[in-house]
Amino acid sequence: MAALLEVSNLHAAYGPTRVLHGIDFSLEEGSITALLGANGAGKTTTLRALCAMVQTSGEISFGGARIEAKATEDIVRLGIAHVPDGRGTFVNLSTEENLRLGAYVRKDKRAVEQDFERIYAYFPRLKERRHQQAGTLSGGEQQMLAVSRALMLRPRLLLLDEPSFGLAPLIVREIFDIMRAINQSEKVSILLVEQNAAMALDLADHAYLIETGRVVLSGSADEIKQNDAVRRSYLGY
Amino acid sequence: MMPASPATAAPTASSKSRIIGLAALLLAVCALPFMVSNYHTFQLTLVLVYAIALLGLNILTGYNGQISLGHGAFYAIGAYVAAILMDKFGVPYWLTVPVAGVVCLATGFLFGLPALRLEGLYLALATFALGVSMPQLLKDKHLEQWTGGVQGIVIIKPDPPFGLPINPDQWLYYFTLAILLLMFLLGWNLLRGRVGRSLIAIRDQPVAAEAMGVNSALYKSLAFGVSAMYTGVAGALGAIAVQFVAPDSFGIFLSITFLVGIVIGGLASIPGAIYGAIFIQFVPNIADEISKAAPWAIYGVFMIGFMYVMPVGVAGAIRIGWARFRRKAGGSGHHPG
Amino acid sequence: MDAFLNQVFAGLATGGIYASVALALVMIYQATHLVNFAQGELAMFSTYIAWTLIDAGMPYWAAFFLTVVIAFVLGVLIERIIVRPVERAPVLSVVVVFIGLLVIFNSLAGWIYSYTIKVFPSPFPKEPVHIGSHFFSAHQIGAVGVTLVVLGLLYAFFRYTPLGLAMRAAAQNPDSSRLVGIRVGWMLALGWGLASAIGAVAGMMVAPVVYLDPNMMAGILLYAFAAALVGGVDSPGGAVLGGFLVGVLENLLGAYVIGNELKLAFALVLIVGVLVVRPSGLFGKVHVTRV
């Protein structure tokens, strides 16, 4: 299979502060790839760089076309959905309006209406809360909403930033199970950023380890799991 | 929001050259009235007056982050205090200036107390209300015997004392300059020390400042009072210089002009007050030269143009330009920040 | 009693104007957290455009709608060309740009059309309207009606159209909006366009009452600002209610309490009093600051 996403020599900076120092990685169509690393390693910045939300240099191709010069709004139109750090909920809008915004760029209005039901089937709790102001949802529900909003795009690639952050293990498990289901049944490729390396490696096919803005290790999820250094530093056994 | 650098400790060599520079500048400023016409001297006096008023507003808005759209009101109070004292009570002009300052200090402090509950836009509205009400209050019938109603009060131009061989316009210039130097020295002392740091802390990190033991209620109303005092002193000086007060010269437009002055001069900058004063005094004249038909449109274009080129004001632009110059001129004296 | 009712109704009529301008202010405020001081002058200038069109022989309603469209385009252009470059400048610098716009429009109107007042036509009949035992000016009733129609249309637009939803989203959370593909910059320009169009309607409704001159909106902007704050500056519904409230209050105060001279000052002082007690406005959200 060809690589859906190919990143080479990616640099990124917030003003004068450089965060990424030439990252290379790729993601196979239909796979789940995880970016692992400690706090501050540059994982979130990598995702933000893919969506042109930080200053970058380097090459990013998606589906064979270069995208690093495109604006965030146009990258979305190529089918890349980003579940951002902090979930990015529109807190004053209703749950349903949040979902509708996820499909903002889609033209197939009838299919969008059907997708509401598809999403509600994955997350019945969102259906119960569809008229509720999104800011009043619990943390887990907001994470579900964030993922659902991204899925409303019917993306080819889903960028997930720390979906487990601040959530109870049970809810994290539920979300991860649904991610796997979505990946398998809908062929959505997923790029997952996680601090919880154990959970991420269970879900992912492939993983990269990032330290201080550089890729230091890559391989299949199983290989990474077997790596001694990773086991000691990130898996804790 | 603004990079405020309260007089960072400079190395002695540069502080010596700074003193020499300041002395030369002062000499030049003192020589000015002998080089230009009386009318221009009068205009320069107004620049000094505005600079004092702008420094006052800058203490409140630039350093303390409280927006005032009504400082024209304090300017008006200062002007009327001076005019009424001179006209009705025969008080000498020089004595009216400190009285105006004290009256405005008190008024400003009292106004600052309820205004404490208001932030941002709400404070802007409250001060806006003050600015709008002031001309109407001054026109009020019950106050007419003091204020002279719509007609206002005419003041006699003071003669130079001790038989000095200069004309009244020149004397007023020096008188105003002396008070400006005093007020700026006072302001500089106030703002570079503990008080200044507290004001900035309240502006940038209100919650943290309170947690560090800064009594923000006291400082905020104090900032209001001191700010009003400066503006009141300026108002008194302005009244003496113009020799006339009337309600309609202190409309809301004056308040807005002050705000424009501090933003264009540079927020939270002491010299910024002078740059701003130069702008609000002379740019309307320049605009008038360019187009007699629509001078204010030209003035507006200048305002917007300045903000495009120097979004952090003239003082900010000079600061940035100076830092760049020093970096280029060889890194020996390089100070980051 | 009759006189009182008439005063209340006249208050509602001007209140509708304040409500419209307040709504225009709130729309730009929500997206940028800035108060557009030039809003009133923009409305005034648009009204002059309508006057030109009518003067050139265009039927009233044709001129009305054409003016709304022109005002919309003007608003969009101002945002894209003049406001955009200072997007990232400090707040007060942007305020100065707004003040600059204010004086420019005021001065241009005076230059092009002169400062002498002009009569602006009303589309409504001259005869007073008879409701029960009361007589009301047809223009006042018409103006209230037009205001309510505009407000209703806006509500429907924001509530039920995808574009309206996108505009609300962009105002609230620009980063997330970009991530779902909303062109945030254009939403802002659109907001300016709409605000300008609303202002134009308000200007055309008030001009027959106060006559057309370059300074006609100065007082109105002030009341609208007050109305927006009384209602809660982040609540469009609150701004509208605030507008009607301020209008009625102003009229009654002027008629019964202090006379026309001081009513502006008094109304403002009263409003400030309200704000001291309720700092977020009557309908605004109370902001809890996270430490």
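Derivation of every value follows stated rules applied to the coordinates shown; laboratory data play no part. Since this is a predicted model, take the numbers as computed values, not measurements. FYI the Cβ positions are ideal-geometry reconstructions off the backbone, even for glycines, and counts take in every protein chain you see.
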Open item on the list: Residue by residue through C:101-111, how many Cβ atoms from other chains fall within 10 Å of the Cβ on average?
Closed with: 6
- [ ] Starting at the first residue of segment B:265-282, write each ³J(HN,Hα) from the Karplus equation 6.51 cos²θ - 1.76 cosθ + 1.60 with θ = phi - 60°, in whole Hz, x for Gly and Pro.
- [x] x, x, 5, 6, 9, 6, x, x, 4, 6, 4, x, 5, 4, 4, 6, 7, 9
Open item on the list: I'd like the FRET efficiency for A:V91 and B:A178, computed as 1/(1 + (r/R0)^6) with the beta carbon distance as r and R0 of 51 Å, rounded to 0.05.
Closed with: 0.35
- [ ] Take every Cα-Cα distance within segment A:58-135, group them into 10 Å bins from 0 onward, and report for each bin the whole-number percent of pairs it holds.
- [x] 16, 40, 31, 13, 1
Task: Å³ per residue enclosed by the Cα convex hull of segment C:13-102 - done: 100 Å³
TODO: State log₁₀ I(q)/I(0) for the protein assembly as shown at q = 0.05, 0.11 Å⁻¹ as given by the Debye formula over alpha-carbon point scatterers of equal weight, solvent excluded.
DONE: -0.35, -1.31
Task: Distant-in-sequence amide H partners of B:G266 (H built 1.01 Å from N, under 5 Å) - done: B:V314, B:A315
- [ ] Considering Cα pairs under 8 angstrom that are at least six residues apart, work out the relative contact order of chain B and quote it in whole percent.
- [x] 31 percent
Open item on the list: For chain A, what does the convex hull of the Cα positions come to per residue, in cubic angstrom?
Closed with: 121 Å³
- [ ] Would you mind telling me which residue in B:I200, B:I19, B:I155 has the biggest mean-square fluctuation in a Gaussian network model of chain B, where springs connect alpha carbons within a distance under 10 angstrom?
- [x] B:I19
Task: Karplus (6.51, -1.76, 1.60) ³J(HN,Hα), θ = phi - 60°, over segment C:173-186, in Hz, Gly and Pro reported as x - done: 8, x, 4, 4, 4, 4, 5, 9, x, 6, 7, 4, x, 5
- [ ] Starting from the Cα coordinates of segment C:120-193, work out the convex hull volume and express it per residue in Å³.
- [x] 112 Å³
Open item on the list: Among C:I112, C:N173, C:V150, whose Cα projects farthest towards the positive end of the dipole of segment C:90-188, with charges put on the beta-carbon of Lys, Arg (+1) and Asp, Glu (-1)?
Closed with: C:N173
TODO: Average the reciprocal distances over every distinct pair of alpha-carbons in segment B:147-272, invert the result, and give the Kirkwood radius in Å.
DONE: 17.3 Å
Open item on the list: Rounded, prolate or oblate for segment B:113-168? Axes are the square roots of the Cα gyration tensor eigenvalues, ordered a ≥ b ≥ c, and the cut-off for rounded is a/c under 1.5.
Closed with: oblate
Task: Cα-based Rg of segment B:90-140 normalised by 2.2 N^0.38 Å, two decimals - done: 1.43
Open item on the list: I'd like the distance separating the alpha-carbon centroids of segment C:193-222 and segment B:163-205, in whole Å.
Closed with: 42 Å
Task: Electrostatic dipole magnitude of the protein assembly as shown [Cβ: Lys, Arg +1; Asp, Glu -1; Cα centre; debye, to 20] - done: 1000 debye
Open item on the list: With 10 angstrom as the radius, rank A:I80, A:I171, B:I20 by how many other C-beta atoms surround their C-beta, starting from the fewest.
Closed with: B:I20, A:I171, A:I80
- [ ] Compare the Cα positions of C:L275, B:A246, A:L20 along the charge dipole of the protein assembly as shown (+1 at Cβ of Lys, Arg; -1 at Cβ of Asp, Glu; about the Cα centre) and return the one farthest towards the positive end.
- [x] A:L20
- [ ] Give the distance, in whole Å, between the Cα centre of segment B:264-325 and the Cα centre of segment C:1-66.
- [x] 33 Å
Task: Proximal lysines relative to B:K141, as straight alpha-carbon distance under 29 Å, when same-chain residues fewer than 8 apart are discounted - done: B:K88, B:K157, C:K263
- [ ] Check the straight Cα-Cα distances from A:K107 and name the lysines below 30 Å, setting aside those fewer than 8 residues away within the same chain.
- [x] A:K70, A:K127, A:K187
TODO: With a bin width of 5 angstrom, please list the P(r) values of segment B:28-180 as percents of all Cα-Cα pairs, from the 0 bin to the one holding the largest distance.
DONE: 2, 8, 14, 18, 17, 15, 12, 7, 4, 1, 0
Task: Extreme residue, positive dipole direction of the protein assembly as shown, given options B:P295, A:V112, B:G225 (C-beta unit charges) - done: B:G225
Task: Expected 222 nm ellipticity per residue - DSSP helices of 4 or more, -39500 (n - 2.57), all of chain A, to 500 - done: -10500 deg cm²/dmol
Task: In Å, descending, principal axis extents of the Cα set of chain B - done: 64, 50, 45
TODO: Go through segment C:112-118 residue by residue and turn each phi into a ³J(HN,Hα) via Karplus (6.51, -1.76, 1.60, θ = phi - 60°); whole Hz please, and just put x for glycine and proline.
DONE: 6, 10, 6, 8, 6, 6, 10
Open item on the list: Give the residue list of trypsin sites (Lys or Arg not before Pro) in segment A:154-197 that are DSSP loop and have at most 10 other beta-carbon atoms within 10 angstrom.
Closed with: A:K187
Task: Cα-centred dipole magnitude for chain C, charges only on beta-carbon of K, R (+1) and D, E (-1), debye, nearest 20 - done: 780 debye
Task: Scattering curve values for segment A:102-217, log₁₀ I(q)/I(0), Debye with Cα scatterers, q = 0.23 Å⁻¹ - done: -1.45
Task: Only Lys, Arg (+1) and Asp, Glu (-1) charged, at Cβ; segment A:88-154 dipole about Cα centre in debye - done: 200 debye
Task: Rg over Rh [alpha-carbon atoms, Kirkwood Rh] for segment C:2-277 - done: 0.97
